[in-house]
1. Figure the gain on full extension for LYS197 and GLU23 (residue separation times 0.36 nm, minus the Cα-Cα span) and round it to one decimal in nm.
2. What ranking do 70-76, 111-117 get when scored by the average of other Cβ atoms within 10 Å per residue, highest first?
3. Can you give the accessible area of HIS37, probe radius 1.4 Å, in Å² rounded to 10?
4. Once R0 is set to 41 Å, what does the formula 1/(1 + (r/R0)^6) return for the Cβ-Cβ distance between ASP169 and SER137, expressed as a FRET efficiency to the nearest 0.05?
5. Send over a whole-number figure in Å² for the accessible area per residue of the stretch 57-185, probe 1.4 Å.
6. Grab the beta carbon distance between ARG70 and GLU118, set R0 = 22 Å, and tell me the FRET efficiency rounded to 0.05.
7. Among TYR80, TYR110, what's the order by accessible area (1.4 angstrom probe), most exposed first?
8. Output the relative contact order of the stretch 20-174, whole-number percent, from Cα pairs under 8 angstrom with separation of 6+ residues.
Amino acid sequence: MPGWMRGWALALLLGALRASGTELTFELPDSDKQCFHQELDRGLKFTLDYQVITGGHYDVDCYIEDPNGRIIYRETKKQYDSFPHHTELTGIYTFCFSNEFSTFSHKTIYFNLQVGDEPPILPDMGTRVTALTQMESACVTIHEALNAVIDSQTHYRLREAQDRSRAEDLNGRVSYWSVGETVILFVVSVGQVMLLKSFFTEKRPGSSAAGT
């Protein structure tokens, strides 16, 4: 196998070894709530990361229910947060995001649900007593570097989307302000012209005075 094909195969393998999870960006209208459901086994670790990308004060309410309906996590008006947890029951867990406290702000929410621990790169990596070979050490290093790159890319994508939303909002406000200033300037200019014209207009005697 050529060297470049081995490189692509290694990259695909290391990417596939990341823990299974769900990554989603969705719209959350004002005065609304959206819930997502995930079936999980007992003793399984999951981590919920979420962040508000656009809308209002960039805050949202979030809570998680276990299969018995017990609240295991609740935060109000958070911009972002991360919640790791080990499940105690087998069943369907509910992840809800609420924008019911807002009456006019439309939100865009990003969340990432990672389920389970990341499997080891090598099958016997957790039980072996010998040192890693140079190739195995290189694989581990590349795997960790790829994970760091993926996390950094996600972080920068969220920052870029949030900054773009703020820039568009600022651009809209500046445009409206400029239009308002133009209208006011036009009205004031017309008013000044009419006022100056009235100063230089000759006042003629009335017809009644001329008849007498």
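The values are calculated or read from the model by the stated rules, or taken from the named source; none is laboratory data. Just so it is clear, the structure is predicted and the values come from calculations on it, not from any experiment. Using ideal geometry, Cβ is built from the backbone for each residue, glycine included, and neighbour counts are taken over all protein chains shown. For accessibility, only protein heavy atoms count, side chains too; no ligands or nucleic acids. Shrake-Rupley method; radii C 1.70, N 1.55, O 1.52, S 1.80 Å.
1. Result for the pair: 55.8 nm of gain on full extension.
2. Going by the mean number of other Cβ atoms within 10 Å, highest first, we get 111-117, 70-76.
3. The accessible area comes out at roughly 120 Å².
4. For R0 = 41 Å, the calculated efficiency reads 0.25.
5. Per-residue accessible area for the stretch 57-185 comes out at 66 Å².
6. Efficiency for this residue pair is about 0.20.
7. TYR80, TYR110
8. Computed over the stretch 20-174, the figure is 33 percent.
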